[in-house]
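A.B. asks: Would you mind keeping the following structure in view while I ask a few things?
The values are calculated or read from the model by the stated rules, or taken from the named source; none is laboratory data. Computed from a prediction, not measured in an experiment: that's the story for all the values here. No Cβ is skipped: glycine too gets one built from the backbone with ideal geometry, and neighbour counts run over all protein chains shown.
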Amino acid sequence: MSGSIPELPIVVRDALMPSAQRLVTNRRGSTVWEVQSHRGKYAVKLGYPVEATADWPAQPWTALAPAREGAILYRLGFQDMAYGEWKHGTWNFQPWREGPDLYKLWEPCREQGSSITPQTGVALGCVEALAELHRAGWAHGDVQPAHFVVGPERTHLIDLALARGGNVPEGYDFPFRGCLVHYEAPEIARSVLATGEAEPTQEADIYALGASLLISATGWRAVEYPDDAPRSVQREAVASGQRRPVKVLGELGELIDAMLSPAPEDRPTTFEVAKALS
């Protein structure tokens, strides 16, 4: 698979009968397509294993991620989706979510000399999307700005492949080994450093939401470390619990500061954050 762009599996083409398709991402272990169908517009995800290189270990779990997400979506009650296997791994398709992600939407807030402040209503929409998942008994495990799609009617929280909270078919399951370090809670970083694995929690999701709101509003990560630092060095900085001060004005800044508490028990719940914002 190295260096090539996979085609949509026959079973996906037969189900959707695409009238148009656009490659959205093609990165290590994952390809995402936007597909227009007579049934509507869909996101199609293909997973395949990542081969080892001099810089990266092999990552077989990426082949299973689309089916794992598909199984979770099914358990959450989503109907207009499907998942299965193809010759290199697994796939899923699900309704396409229209709108910019949180980081893109708040770009004007980050411009030099900008007087534009982050919209509280947008932050509330992100909290409500996460709260919906938490009420269902799940933790997302990979909360980041790119996974909040701010649509015209509501905000959608996407990419549930790493979520924990219910039964997942054993053949599609794999351990949680952390996420994008910018948004990892200190307790997650410490566990990954100590054992190579961790357990996603709703409290860690709250930390990640605070870090997502902070970087989207200001451009600054919650924890300071060199951009080119190895991932282990990044995690050690996060695990220390030391972070930058939150420079977001008003009540939103106070809430972000609380969400980024190094102690999980000190972080507010999604209900408490939503109540404060509304």
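A.B. asks: Of all residues being of a type in the set (Gly, Ala, Ser) and either crowded, with 19+ Cβ neighbours inside 10 Å or in contact with a strand residue (DSSP E or B) (Cβ under 8 Å, 6 or more places away or on another chain) (or both) in the range 109-130, which is nearest to residue 214 (Cα to Cα)? Just the residue, please. Break it down stepwise before answering.
C.D. replies: First pass over the range 109-130, keeping only residues of a type in the set (Gly, Ala, Ser): 113-115, 121, 123, 125, 129.
From what's left, either crowded, with 19+ Cβ neighbours inside 10 Å or in contact with a strand residue (DSSP E or B) (Cβ under 8 Å, 6 or more places away or on another chain) (or both): 123, 125, 129.
Details: 123: 11, 125: 15, 129: 17 Å.
Among those that are of a type in the set (Gly, Ala, Ser) and either crowded, with 19+ Cβ neighbours inside 10 Å or in contact with a strand residue (DSSP E or B) (Cβ under 8 Å, 6 or more places away or on another chain) (or both), it is 123.
A.B. asks: Quick one: in the range 198-254, which of the residues that are aliphatic (A, V, I, L, M), within 25 Å of residue 111 (Cβ to Cβ) and touching an Asp or Glu at 6+ places or on another chain (Cβ under 8 Å) is surrounded by the fewest Cβ atoms within 10 Å (Cβ to Cβ)? Please lay out each step first, then the result.
C.D. replies: Taking the range 198-254 and keeping what is aliphatic (A, V, I, L, M), we get 198, 204, 206, 208-209, 211, 213-215, 217, 222-223, 229, 233, 237-239, 246, 248-249, 252.
Going one step further and asking which of them are within 25 Å of residue 111 (Cβ to Cβ), we end up with 208-209, 211, 213-215, 217, 222-223, 246, 248-249, 252.
Pick out the ones that are also touching an Asp or Glu at 6+ places or on another chain (Cβ under 8 Å) and you get 208, 246.
Numbers: 208: 30, 246: 22.
Out of the qualifying residues, it is 246.
A.B. asks: Out of curiosity, is residue 198 part of a loop (DSSP other than H, G, I, E, B) and either outside the structural domain of residue 133 (by TED's automatic domain parsing) or modelled with pLDDT of 95 or more (or both)?
C.D. replies: It is true that residue 198 is part of a loop (DSSP other than H, G, I, E, B) and either outside the structural domain of residue 133 (by TED's automatic domain parsing) or modelled with pLDDT of 95 or more (or both).
A.B. asks: From the list 112, 79, which residue is outside the structural domain of residue 210 (by TED's automatic domain parsing) and polar (S, T, N, Q)?
C.D. replies: Working: 112 fails: outside the structural domain of residue 210 (by TED's automatic domain parsing).
Going through 112, 79 in turn, the sole match is 79.
A.B. asks: Give the residues of the range 67-82 that are in contact (Cβ under 8 Å) with a residue 40 or more places away in the chain and part of a loop (DSSP other than H, G, I, E, B), sorted by residue number.
C.D. replies: 76, 80
A.B. asks: Residues that are modelled with pLDDT under 90, at least 1 per element: which strands (runs of 3 or more DSSP E) completely within the range 1-66 meet that?
C.D. replies: Working: elements: 20-27, 30-37, 40-47.
In the range 1-66, the matching strands (runs of 3 or more DSSP E) lie at 20-27.
A.B. asks: Between a residue in the range 184-196 that is farther than 17 Å from residue 265 by Cα and any residue that is in a helix (DSSP H, G or I), which pairs come within a Cβ distance under 8 Å, given they are 6 or more apart or on different chains?
C.D. replies: 192/235; 193/232; 193/235; 193/236; 193/239
A.B. asks: Taking the residues in the range 37-61 that are of a type in the set (Val, Ile, Thr) and surrounded by fewer than 21 Cβ atoms within 10 Å (Cβ to Cβ) as candidates, determine which candidate is nearest to residue 91 (Cα to Cα).
C.D. replies: Going residue by residue through the range 37-61, those that are of a type in the set (Val, Ile, Thr) are 44, 50, 53.
Subset that is surrounded by fewer than 21 Cβ atoms within 10 Å (Cβ to Cβ): 50, 53.
Details: 50: 15, 53: 24 Å.
In this case the residue turns out to be 50.
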